[in-house]
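Here's the structure we're looking at; comments come further down.
The values are calculated or read from the model by the stated rules, or taken from the named source; none is laboratory data. In this text, all values refer to a predicted model and were calculated from it rather than measured experimentally. Note that each Cβ is placed from the backbone with ideal geometry, even for glycine, and that neighbours are counted across all protein chains shown.
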Amino acid sequence: MDLNTVWFVLIGVLIAGYAVLDGFDLGAGALSLLARSPEERELHVAAVAPVWDGNEVWLLTGGGALFAAFPAVYATVFSGFYLALMLVLLALIARAVSLEFRGQVASPAWKAFWDAAFGVGSLLPAILFGVAVGNVLHGVPVADGFAWQGSFLGLLNPYSLLVGLTTGAFFVMHGALYLRVKMEGALAERMGRVARRAWVVFLVLYALATLSTAFASPFLFGRLTQPLGIALTALVVLSVVGIPLFTRGGRARWAFTASSVLIVAMILVAAVNAYPILVVSSLGLDKSLTIYNAASSPRTLATMLVIALVGMPIVLVYTVLSYRVFRGKAHGRGYEAV
Amino acid sequence: MDALALARLQFAVTIGFHFIFPPVSIGLAWMVVVAEYLGWRKADEEYVKVGGLLGKLLAITFAVGVATGIVMEFQFGTNWSRYSMFVGDIFGAPLAAEGVFAFFLESTFMGLYLFGRGRLSKGMHWFSALMVAVGSTLSAFWIIVANSWQQTPAGFHLVDLPGGGQRAELTSFFDAVFNPSTLPRYFHVVTAALVTGAFVAAGVFAWHVRRDTGSAFARKGLKLGVAWGLVFAVLEVMPFGHLHAQQVARTQPAKFAAIEGLYRHAPGNAPMLVFGVPFMKGPPPTPGMAAPIEIPGLLSWMAFGDFNAPVKGLQDFPEDERPPLWLTFVSFHNMVILGVWFIFIMALAAWRLYAGKLYDSPGVLKALVISIPLPVLACQLGWVAAEVGRQPFIVYPGQQANGEPFAGLRTAMAHSPTVGAGEIAFSLVLFTAIYLSLFVLWLFLMIRKTRLAANDLAATGAAGCGADAA
């Protein structure tokens, strides 16, 4: 495996880590918009409050790693997605401050405002990340020399919006399954029902999106019949089927695990089939950004690999430690004095 | 305004606004570490209260810092795509390293610090605060590495790209990380953050002492803030400010000429300009200084340790390679004035403290309260001097690893060609409005927390921060 491929995998790991971890934060945040009582909303917040910030770092590190390993992708896509990305950033800002601000003043209007900011700030990225993925897979107008020829409205094409709704439904389901683990009694039951409903919506959208991909980007099915493609597809199918089975059977942790496996497997299926392309050009596959024409020098990729190999195991150790400290059910007053 | 001017304005707004918070967070995090350590090891309830209040202020500041920092990670790509293409091979690595070595650490342990009370042992809880402080200080290191490489690039060479154009490629990671300005700037910036934290603490507890002279926790917090503040206010200027200025004189002579207001070439005995009003128009020599107060020879000596050392003036550089004089000079000098004030007020407070009279010195206490925002202002001014003084280059000229000269990358050649003025203007207005609201909210909550603390702490003892954040 060459260094470029290693970094293709590592960027994939960062994206998958972000989707699994911040994915449930975003879903739980979006679901807090539907909470039926202030006490229930407190539980949504309490379940994510101690860990969301660490989870979001997967995104920041992913951005930094993309800049370091594939600067042409970082430069071309982020400038091309300018307005869309600004919208995501605004939403993430709203989410970050609302969690800290909402409890600071004991006024219903104050709290309602920040709760709305928390919910919308969570829901919007859950959909917009999917729209971005849709565009990257469907193809964006990149001419020779990585010259961007797209527009903001061009990003809102039907295929990408469909992928956006699919990820939105997935993250809502993922968040509900997480809350199912962190809640008790009737609320936990309700989260199970929400997750099953979201599962149906997700399944329909995912099927539609897969079907559309056959027309939009047929090359993304190129490796489906190879052993790795078959194995990953099987993993997707198994975890999709597993979610409702585990949820019905009251195995909340297993259901959440299945959902985590599902998102990782979906990302892998797309990655394996797209390899070595990072961003598809709609002006011709040969103009696409690949792990070779968009990459940094071998020396930088090697240096970065050392940084990742030294740093990430330590990160994983204290991330696990943090989740162990906050294991168990969420309580209304955060995790204080449990 | 055209897209370039708007992109520059947007960068100035997003980074300037973000940079209000990290110095406060870093400084407060270390104050919390010290206060909670004293509270824990000495079993001193008053220090626990000091740590509790500072921890609450830290939590609010940290949240706004995180929120505004997200933008920083992406805006090189959104607004400066040609820059990103040119420097990605070098500049991306410190940003990624910041994520791996710093952001994960501070964010994860911030969660443990804020919500772990009752779930963690006292020792582990203190350790969490320590890791927040270490993480945020490491974060400053990597971001200073990235910015210092723009100031004094090293460990790279230029490579022609197959599709035309050039980019800088890494030849030595070590040389790029420890480029000539990294360490002088890092120590200068980190001590500035420690001064900022000390002034917040000293000011907050001075306010409480003014309100209730007998308050034991406020007295201890004040003592801590003043001691800490005096030490770092001195270190900030001497040696770290001085060493940084010497490094600028060696490695960025045009910037040095601008911050010192030296227009004409000085073959030796260069004067130190203590005061002056730069003017840009009028009869030659323009630009120049009105009403200058100069100390002959001092600048040569300060910069190079030799009264006879020549110092380059702005005149020595072609007109299109000179940084803007006015903004660079004025921000630098006001920063220096503030630095002197920090030493003065902290020394005065320390002397009154030593004499046992600080708690009965309303004037000094009031001055400490009023001084709370000044280190943040000094940080901003220093940052403006550093970044405007680098202009008109986004990557300062220097030398490649193979000894070939590097002509620098001009800011005007670095922005995203595909992002239009309208798009930037739209998002700039939106972000500015949101940032202004966030700033007002942050101030409101910081002041409110400080005011309420007296009653809270009296009523509930050392309450954890979890209740606030939940």
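So A:ASP25 passes all but one of these: (1) more than 8 Å from chain B (Cβ to nearest Cβ); (2) buried (at least 24 other Cβ atoms within 10 Å of the Cβ); (3) over 21 Å from B:ALA102 (Cβ atoms). Which condition number does it fail?
Among (1) more than 8 Å from chain B (Cβ to nearest Cβ); (2) buried (at least 24 other Cβ atoms within 10 Å of the Cβ); (3) over 21 Å from B:ALA102 (Cβ atoms), the lone unmet condition for A:ASP25 is (3).
Condition first: farther than 30 Å from A:GLY80 by Cβ, facing chain A (nearest Cβ under 8 Å) and free of Cβ contacts under 8 Å to residues at least 12 places away in the same chain. Can you find one or more residues in the stretch B:54-64 that meet it?
Yes - at least one qualifying residue is present in the stretch B:54-64.
Report, by residue number, each residue of the stretch A:27-69 that is of a type in the set (A, V, I, L, M, F, W, C), farther than 30 Å from A:THR290 by Cβ and in a helix (DSSP H, G or I).
Once the filter is applied, which keeps residues that are of a type in the set (A, V, I, L, M, F, W, C), farther than 30 Å from A:THR290 by Cβ and in a helix (DSSP H, G or I), the stretch A:27-69 yields A:ALA28, A:ALA30, A:LEU31, A:LEU33, A:LEU34, A:LEU43, A:VAL45, A:ALA46, A:ALA47, A:VAL48, A:TRP52.
Among residues belonging to the stretch B:2-42 that are crowded, with 23+ Cβ neighbours inside 10 Å and among the aromatic types (Phe, Trp, Tyr), point out the one that is nearest to B:TYR435 (Cα to Cα).
Result: B:PHE21.
Can you pull out every residue in the stretch B:112-127 that is assigned to a helix (DSSP H, G or I), within 13 Å of chain A (Cβ to nearest Cβ) and surrounded by fewer than 24 Cβ atoms within 10 Å (Cβ to Cβ)?
B:MET124, B:HIS125, B:PHE127
I'd like to verify a number: residues in the stretch B:88-117 that are over 23 Å from the mean Cα position of the chain (by Cα) and aliphatic (A, V, I, L, M), how many?
Count: 2.
Name the single residue that is nearest to the other protein chains (Cβ to nearest Cβ) among those in the stretch A:93-109 being free of Cβ contacts under 8 Å to residues at least 24 places away in the same chain and of a type in the set (Gly, Ala, Ser).
A:GLY103
Considering the stretch B:221-248 alone, what residues qualify as being buried (at least 23 other Cβ atoms within 10 Å of the Cβ) and within 30 Å of B:PRO405 (Cβ to Cβ)?
Selection gives B:VAL248 alone.
I need a count of the residues in the stretch A:269-301 that are surrounded by 15 or more Cβ atoms within 10 Å (Cβ to Cβ) and either of a type in the set (A, V, I, L, M, F, W, C) or on the phi > 0 side of the Ramachandran plot (or both).
So the answer is 15.
Identify all residues within the stretch B:53-85 that are more than 28 Å from A:ALA94 (Cβ to Cβ) and out of contact with any His (no Cβ under 8 Å at 6 or more places or on another chain); write none if there are none.
The answer is B:MET85, and nothing else.
Of the conditions (1) surrounded by fewer than 19 Cβ atoms within 10 Å (Cβ to Cβ); (2) farther than 16 Å from A:ARG180 by Cβ; (3) at pLDDT 90 or above, A:ALA214 fails just one. Which one is it?
The single condition A:ALA214 does not satisfy is (3).
All but one of (1) free of Cβ contacts under 8 Å to residues at least 24 places away in the same chain; (2) touching an Asp or Glu at 6+ places or on another chain (Cβ under 9 Å); (3) more than 14 Å from chain B (Cβ to nearest Cβ) hold for A:THR257, so report the exception by its number.
Only one criterion in (1) free of Cβ contacts under 8 Å to residues at least 24 places away in the same chain; (2) touching an Asp or Glu at 6+ places or on another chain (Cβ under 9 Å); (3) more than 14 Å from chain B (Cβ to nearest Cβ) is unmet by A:THR257, namely (2).
Which one is farthest from A:SER239 (Cα to Cα), of the residues in the stretch A:193-221 that are of a type in the set (A, V, I, L, M, F, W, C) and out of contact with any helix residue (DSSP H, G or I) (no Cβ under 8 Å at 6 or more places or on another chain)?
Out of the qualifying residues, it is A:PHE215.
Okay, residues lined up against (1) within 26 Å of the chain's Cα centre (by Cα); (2) aliphatic (A, V, I, L, M):
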residue: B:ARG352; (1), (2): no, no
residue: B:PRO362; (1), (2): no, no
residue: B:LEU368; (1), (2): yes, yes
residue: B:TRP383; (1), (2): yes, no
residue: B:PHE406; (1), (2): no, no
residue: B:VAL419; (1), (2): no, yes
residue: B:GLU423; (1), (2): no, no
residue: B:SER437; (1), (2): yes, no
residue: B:ALA453; (1), (2): no, yes
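Give the residue that is surrounded by the fewest Cβ atoms within 10 Å (Cβ to Cβ), with candidates limited to residues of the stretch A:231-268 that are in contact with a His (Cβ under 8 Å, 6 or more places away or on another chain) and of a type in the set (A, V, I, L, M, F, W, C).
Once the filter is applied, the top-ranked residue is A:ILE263.
Go through the stretch A:203-247 and count every residue that is free of Cβ contacts under 8 Å to residues at least 24 places away in the same chain and in a helix (DSSP H, G or I).
17
When the stretch B:78-102 is examined, which residues are found to be part of a helix (DSSP H, G or I), more than 7 Å from chain A (Cβ to nearest Cβ) and either more than 24 Å from B:THR137 (Cα to Cα) or of a type in the set (Asp, Glu) (or both)?
Matches in the stretch B:78-102: B:ASN79, B:ARG82, B:TYR83, B:PHE86, B:VAL87.
Within the stretch A:70-89, take every residue that is in a helix (DSSP H, G or I) and more than 7 Å from chain B (Cβ to nearest Cβ) and give me the one that is nearest to the chain's Cα centre (by Cα).
Per the stated criteria, the residue is A:VAL88.
What's the number of the condition A:ALA19 fails, among (1) crowded, with 23+ Cβ neighbours inside 10 Å; (2) closer than 21 Å to A:HIS331 by Cβ; (3) of a type in the set (A, V, I, L, M); (4) away from chain B (no Cβ under 11 Å)?
(2)
Residue by residue, here is whether (1) more than 30 Å from B:TYR186 (Cα to Cα); (2) modelled with pLDDT of 85 or more; (3) aliphatic (A, V, I, L, M) holds:
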| position | (1), (2), (3) |
| --- | --- |
| B:ALA233 | no, yes, yes |
| B:VAL237 | no, yes, yes |
| B:PHE240 | no, yes, no |
| B:GLN246 | no, yes, no |
| B:PHE256 | no, yes, no |
| B:ALA270 | no, yes, yes |
| B:VAL274 | no, no, yes |
| B:PRO284 | yes, no, no |
| B:MET302 | no, yes, yes |
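Can you tell me how many residues within the stretch A:74-93 are crowded, with 24+ Cβ neighbours inside 10 Å and either more than 16 Å from B:MET72 (Cβ to Cβ) or of a type in the set (Lys, Arg) (or both)?
The number of residues fulfilling the criteria is 4.
Can you spot a residue in the stretch A:55-65 that is more than 10 Å from every other protein chain (Cβ to nearest Cβ), surrounded by 24 or more Cβ atoms within 10 Å (Cβ to Cβ) and out of contact with any Asp or Glu (no Cβ under 7 Å at 6 or more places or on another chain)?
no
Output the residues belonging to the stretch A:205-229 that are of a type in the set (A, V, I, L, M) and in contact with a Leu (Cβ under 7 Å, 6 or more places away or on another chain).
Within the stretch A:205-229, A:LEU205, A:LEU208, A:ALA209, A:LEU220 qualify.
Considering each residue of the stretch B:156-172, count those that are in a loop (DSSP other than H, G, I, E, B), in contact (Cβ under 8 Å) with a residue 24 or more places away in the chain and either more than 10 Å from chain A (Cβ to nearest Cβ) or more than 28 Å from B:ALA249 (Cβ to Cβ) (or both), and give that number.
1
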